[in-house]
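Working notes, structure below.
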Amino acid sequence: MVGFPEDVQEVILGTEGVLVGAKAGDTVVDMTTSSPDLARIIYRACTAKGVHALDAPVSGGDVGAREATLAIMVGGDGPVFDAVRPLLETMGKTIAHMGDAGAGQHTKMTNQILIAGTMIGVVESLLYAQRAGMDAHQVIDVIGQGAASSWSINNLGRRIVDGNFDPGFFIKHFVKDMGIALDEARRMRLALPGLSLVHQFYVAAMAMGWENLGTQGLYRVLETMNQTS
């Protein structure tokens with residue numbers, strides 16, 4: 001698992017990459033959130049050398065990683081997935097084979113699209129609570145158990161209230177992920193205006209020098225806009 005698609009390409013397909021030293025029968029598992037198209041390119045390059053390849057991005061953040069409860073979504077050949085699954089189970093709780101090469105990455109894009117929309121809701125709801133003079137932790141205690149419940153409000157929402165913007169997942173990596181999703185959407189002639197809007201707010205966060213904050217750092221952007229800091 002590395003940072004960006006260009007890192008994946010270099011680490012796996014580069015002149016000193018994994019595939020150079022791999023032998024027939026080996027399995028390459030890329031757990032980076034990356035491009036579905038690159039996942040298919042890696043699959044074809046590996047197959048040509050008799051090497052197996054899976055794309056297996058994860059969701060769950062730093063908490064899921066520490067507690068081995070990550071959701072792992074996998075693309076590639078079914079028998080290869082079955083062989084690798086015991087290793088994935090040491091890291092994750094929800095592990096699913098989603099289809100052919102690239103399917104894991106497509107599933108992760110749907111995950112990131114949902115998180116993007118959820119995060120703007122988390123931030124705006126907490127800004128409202130703050131402006132209304134509410135105890136934000138008490139608000140989360142209630143809304144975090146009802147129809148508005150989400151991992152983001154119950155975990156990242158509390159970090160926001162505590163002023164903790166340390167990264168469980170970097171803003172700069174989330175901007176990368178949203179960019180991939182928007183590129184794929186354009187390729188499919190699919191309009192995703194909500195994702196486009198949230199993407200711009202996160203780009204603004206990077207422009208403000210906050211690319212290394214956690215994704216909950218989106219709060220600072222809207223806080224600045226509303227002059228509530």
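Here are the numbers for this structure:
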read-out	value
Efficiency of FRET from Cβ geometry, M208 and V63, R₀ 25 Å, rounded to 0.05	0.45
Rounded to 10°, Cα long-axis angle of helix 171-187 versus longest principal axis of the chain	70 degrees
Neighbourhood charge, 14 Å Cβ-Cβ cut-off, centred on G144 and excluding it, Lys, Arg +1 and Asp, Glu -1	0
Lys pairs under 20 Å by Cα in the chain, provided they are eight or more residues apart or on distinct chains	4
Share, in percent, of DSSP beta bridges within segment 5-100 that are antiparallel, nearest 5	25 percent
Extended-chain gain in nm, criterion 0.36 nm per residue less alpha-carbon gap, S149 and E124	7.5 nm
Neighbour net charge for G25 - beta-carbon separation under 14 angstrom, K R +1, D E -1	0
Cα pair distances exceeding 17 angstrom across segment 126-167, given as percent	25 percent
Sum of -39500 (n - 2.57) over DSSP H runs of 4+, divided by residues of the chain (222 nm, nearest 500)	-16000 deg cm²/dmol
Near-label residues of segment 152-180 by backbone N, under 13 Å of a point 7 Å along Cα→Cβ of N226	161
Whole-Å semi-axes of the chain's equivalent ellipsoid (Cα gyration tensor)	35, 19, 15
In degrees, nearest ten, helix 36-48 long axis to first principal axis of the chain (Cα)	20 degrees
GNM flexibility winner over the chain from M31, M91, M134 (Cα, springs under 10 Å)	M134
Radius of gyration and Dmax over the Cα atoms of segment 78-129, both given in Å	16.1, 50
Size of segment 106-225 as Cα extents on the principal axes (Å, biggest first)	44, 33, 23
Cα-based helix-to-principal-axis angle, 78-88 vs the chain, degrees rounded to 10	50 degrees
Counted charge near F81, where neighbours are those whose Cβ lies closer than 13 Å (Asp, Glu -1; Lys, Arg +1)	-4
Space enclosed by the convex hull of the alpha-carbon atoms of segment 5-100, per residue, Å³	95 Å³
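FYI, it's all coordinate maths here, none of it is from the lab. Fair warning: this is a prediction, and the values are worked out from it, not measured in the lab. Cβ atoms come from the backbone with ideal geometry, glycine included; neighbour counts cover every protein chain shown.
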